[in-house]
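Q: Please read through the structure below; I'll follow up with questions.
The values are calculated or read from the model by the stated rules, or taken from the named source; none is laboratory data. Since this is a predicted model, take the numbers as computed values, not measurements. Cβ coordinates were reconstructed from backbone atoms using ideal geometry, including for glycine residues, and neighbour counts include every protein chain displayed.
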Amino acid sequence: MNTFDNYRINGDTMYLAPGRNINYETKVVEVNKEIYIKSPPLSVINFSCIFNNFTTYDGIRQGMQHIFNFRKKTPAPFRCNCLFPTHAINSHECYWISAIHIKAFKPIKNSNETKILFHNGNILTVNVSTRIIQSQVSRAKKAWENYLQGEHNYEKDLSPLTN
């Protein structure tokens, strides 16, 4: 198994799972492969925020708090994707899941777990209620749409400079 020091979230990133292995702290699941990272999931999110958005995750959290009043479990929007946390961001149970790759989700009977089905057929079961997953997906989509709209407006504002 190859492990890497860090990882940059991209359009193929479906989720980041907390590592339960001595060799890695994060398992990244992409559409067609798995990647193992030595850094914890929050470090992967922060690294990706810096390289994709020129800010830290904390900067994104502050912006989301100001715009949407998101105080906890704030999504991380990128140009190509938007991930949301399932638990408190420092929790060892926290998965970061891409809202754009989710096809459906449903509760598992007699438990507080949710089964998530992705567009490529992969299934992930998380120890979070369906109500929380629904809320997180909704928040992530709202954050991502706002991010993309802001990027579009920024490009329009710069268009006189590029002509």
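Yes or no, residue by residue, for (1) touching a Cys at 6+ places or on another chain (Cβ under 7 Å); (2) among the acidic types (Asp, Glu); (3) without any contact (Cβ under 8 Å) to a residue 24 or more places away in the chain; (4) not in a strand (DSSP E or B):
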{"site": "Ile35", "(1), (2), (3), (4)": "no, no, no, no"}
{"site": "Leu42", "(1), (2), (3), (4)": "no, no, no, yes"}
{"site": "Cys80", "(1), (2), (3), (4)": "no, no, no, yes"}
{"site": "Leu83", "(1), (2), (3), (4)": "no, no, no, no"}
{"site": "Ile100", "(1), (2), (3), (4)": "yes, no, no, yes"}
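Q: Ok, one more. Just checking, which of Trp144, Trp96 is under 21 Å from Glu34 (Cβ atoms), surrounded by 13 or more Cβ atoms within 10 Å (Cβ to Cβ) and modelled with pLDDT of 90 or more?
A: Working: Trp144 fails: under 21 Å from Glu34 (Cβ atoms).
Matching residue, one of Trp144, Trp96: Trp96.
Q: Please give the number of the condition Gln134 fails out of (1) modelled with pLDDT of 95 or more; (2) surrounded by 13 or more Cβ atoms within 10 Å (Cβ to Cβ); (3) of a type outside the set (Val, Ile, Thr).
A: (2)
Q: Could you go through the stretch 66-76 and let me know if any residue there is modelled with pLDDT of 95 or more, within 14 Å of the chain's Cα centre (by Cα), assigned to a helix (DSSP H, G or I) and not aromatic (Phe, Trp, Tyr).
A: Scanning the stretch 66-76 turns up no residue that is modelled with pLDDT of 95 or more, within 14 Å of the chain's Cα centre (by Cα), assigned to a helix (DSSP H, G or I) and not aromatic (Phe, Trp, Tyr).
Q: Do we have Pro107 as farther than 14 Å from Tyr147 by Cβ and surrounded by 14 or more Cβ atoms within 10 Å (Cβ to Cβ) here?
A: yes
Q: Looking at the stretch 18-42, which of its residues are crowded, with 21+ Cβ neighbours inside 10 Å and among the aliphatic types (A, V, I, L, M)?
A: Val28, Val29, Ile37
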